[in-house]
Amino acid sequence: MKMAVLDFGKTNSKLFVFGQDGRIVDERRTKPDWIRKGGLSVLDEAALHDWALDAVNQAADGHGIEGLMVSGHGCTFALVDETALTHPILDYEQEPSAEIAARIDRRIPDFAETFSPRLPLGFNYGRHMLWLKEMQPDAFTAATAILGYPQFWSWRFGGRAVSEVSYLGCHSHLWAPRKRDLSSLVDAEGWRGKMPAFARAGAVTGERRLGQAGRPIAIHNGVHDSNAALHAYRRQELGPLTVVSTGTWVIVLNPDCPLDALDRDRDMLVNVDVDGGPVPTIRFMGGREFAVISGNWQGAIAPASIQRAIDAGVMALPSFAPGGPMPSRTGEIVGRVSDAEERAAVALLYVALMIDLSLDLIRSREAVIVDGGLNAGGLLAGLLAALRPGQSFLQGATLEGSATGAAALAFESVGREFAADMPEPVRVASFKGLADYRDDWRGLIAERGIAAPAGGAP
């Protein structure tokens, strides 16, 4: 049996074809378009759908897939009636006007209920729902269902409208983790009746005939991407672990962190796993910040460039994107880089130092798995292993942990074995002066009024 997984990221969207041995046998990639419409930034849903439909049809013809699963980035919702969107899907990277923000932010539940910190833009998508309701109330009136982003795509391809807990519980303001129920905001706004019944991530919710032969393809309920990565490793029974999922966002998930350790002012929150359990999390926009700092560097970074940056003491200080554990500072580069690759090295060191800091804040002391695109070549994981010699570090056998976890959920839902490769040990990087570089970086942060957490690396 083969399974297609549509992995919709904010910056890149992909289709993978998985076999039951966990191998990716085919893949296709595109970039979603975010366009201006009615004064807002919204998804060009038609263009992305056309690409996805073509990719799935080719997977049906070329590989005989029997199922279609979806993994999706957070912070995004869709309003639909029986057949279509009632409003275009909002880009989460836009801020309501100050006047509207003052009104809607008063209605947001307390952190103690939702464990969703009050974040800017649409990083809490319940906030964007309030914004859209202020601007376009008819879109809510016409909608028969409010869907999370992965559930929209599962529905769009022929599944029924359902809710899913890992997505609703993703710092949305819409979920109360301790009650394992929709939050007070949902009831206050009268949205509960538009929230479809729940189905587990991976459950079959419909069927569609695809490809030239019109093969019947099962449509599976989608999942939040970082929670899919967490599931990919938890199912391998590796013991206590922290998962570092990297992409546009770096998401650090430590299920063993006490809930009372979460600091709402440092972008710390509770995610919810596919079975409804709380997962303490800290995050920052690491992929976006890497692109900003590096000047959109593409390709490998030579270890020699990392060493030159360390030797020169050139470093990036937070933050280069909204949110994150140090949100009140504007990012800056201290020192002068000698060339473009050294600038990219500074950017990768920044991401490593931010993850190192985040691991302290989320009280990670056990094994760490580093997953996702920022670890291409293993250099990021090697830097982290060098910074934290008291912890063991592993890395995904592929860079696609989110898609792999999504595939596992779909295979499991129909009783099929799925044997993904075990994560691999990380080769510890060897850079002279790296620990001192980290200490200097944290010292400069402290000088600027943002104290690093006490205790340091284990």
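Taking the inverse of the mean 1/r over every pair of distinct Cα atoms in segment 333-449 gives a Kirkwood hydrodynamic radius of 16.1 Å.
Tell me the per residue accessible area of segment 81-133 using a 1.4 Å probe; a whole number in Å² is fine. Present the calculation step by step, with values, prior to reporting the outcome.
Values: 2020 Å² over 53 residues.
Accessible surface, normalised per residue, equals 38 Å².
Leaving ligands, DNA and RNA out of it, report the carbon-plus-sulfur percent of the accessible area of the chain at a 1.4 Å probe. Ligands and nucleic acids excluded, carbon and sulfur reach 48 percent. The mean sequence distance of close C-alpha pairs (under 8 Å, at least 6 residues apart), as a share of the length of segment 361-422, puts its relative contact order at 34 percent.
For helix 340-361, what angle does its Cα long axis make with the longest principal axis of the chain, in degrees from 0 to 90 and rounded to 10? The helix 340-361 is inclined about 80 degrees to the chain.
Short-range pairs are left out: with C-alpha atoms under 8 Å and at least six residues apart, the relative contact order of the chain is 15 percent.
Sparsely packed loop sites in segment 72-114 (the GluC sites (Glu not before Pro) outside DSSP H, G, I, E and B with at most 13 other Cβ atoms within 10 Å) comprise GLU82. Straight-distance candidates among the lysines for linking to LYS14, with alpha-carbon spacing under 22 Å and chain neighbours fewer than 8 residues away dropped: LYS2, LYS31. Under a model in which nothing but the beta-carbon of Lys, Arg (+1) and Asp, Glu (-1) is charged, segment 310-432 shows a dipole of about 360 debye around its Cα centre. Once the 1.4 Å probe is applied to the protein heavy atoms, segment 356-444 comes out at 39 Å² accessible per residue. Rounded to the nearest 10 degrees, the inclination of helix 434-447 to the longest alpha-carbon principal axis of the chain is 80 degrees.
Using 0.36 nm per residue, how much length does the chain from ASP105 to ASP260 gain when fully extended, once their Cα-Cα distance is taken away? Mind showing how you got there, number by number?
Values: separation 155, 0.36 × 155 = 55.80 nm, distance 2.36 nm.
53.4 nm is the gain from fully extending ASP105 to ASP260.
Seen against the Cα atoms of the chain and their longest principal axis, helix 125-135 is set at about 60 degrees. Given their separation in residues at 0.36 nm each and the Cα-Cα distance between them, ARG192 and ILE35 gain 53.5 nm when the chain is fully extended.
Relative to one another, the C-alpha centroids of segment 134-191 and segment 37-56 are positioned 20 Å apart.
Where nothing but the Cβ of Lys and Arg (+1) and of Asp and Glu (-1) is charged, how large is the charge dipole of segment 12-127 around its Cα centre, in debye to the nearest 20? List each step's numbers first, then the result.
Details: 12 positive and 19 negative charges, 92 e Å.
Its charge dipole is roughly 440 debye.
For the chain, the residue among GLY22, GLN94, PRO109 whose Cα projects farthest onto the positive side of the dipole built from Cβ charges is PRO109. Computed about its Cα centre, the charge dipole of segment 82-228 is approximately 540 debye, with only Lys, Arg, Asp and Glu carrying charge at their Cβ. With Cα extents along the principal axes in Å defined as stated, name the option among (1) 60, 52, 39; (2) 87, 61, 44; (3) 64, 55, 50 computed from the structure displayed. Answer by label: (1). Only alpha carbons enter this Debye calculation for segment 1-117, each as an equal point scatterer, and the log10 of I(q)/I(0) it gives at q = 0.14, 0.15, 0.18, 0.21 Å⁻¹ is -0.75, -0.82, -1.01, -1.18.
The values are calculated or read from the model by the stated rules, or taken from the named source; none is laboratory data. Being a predicted model, the structure only gives us computed values, none of them experimental. In this analysis, Cβ positions are derived from the backbone assuming ideal geometry, glycine residues included, and neighbour counts consider all displayed protein chains. These accessible areas exclude ligands, DNA and RNA; they are computed on the full protein's heavy atoms, side chains included. Shrake-Rupley method; radii C 1.70, N 1.55, O 1.52, S 1.80 Å.
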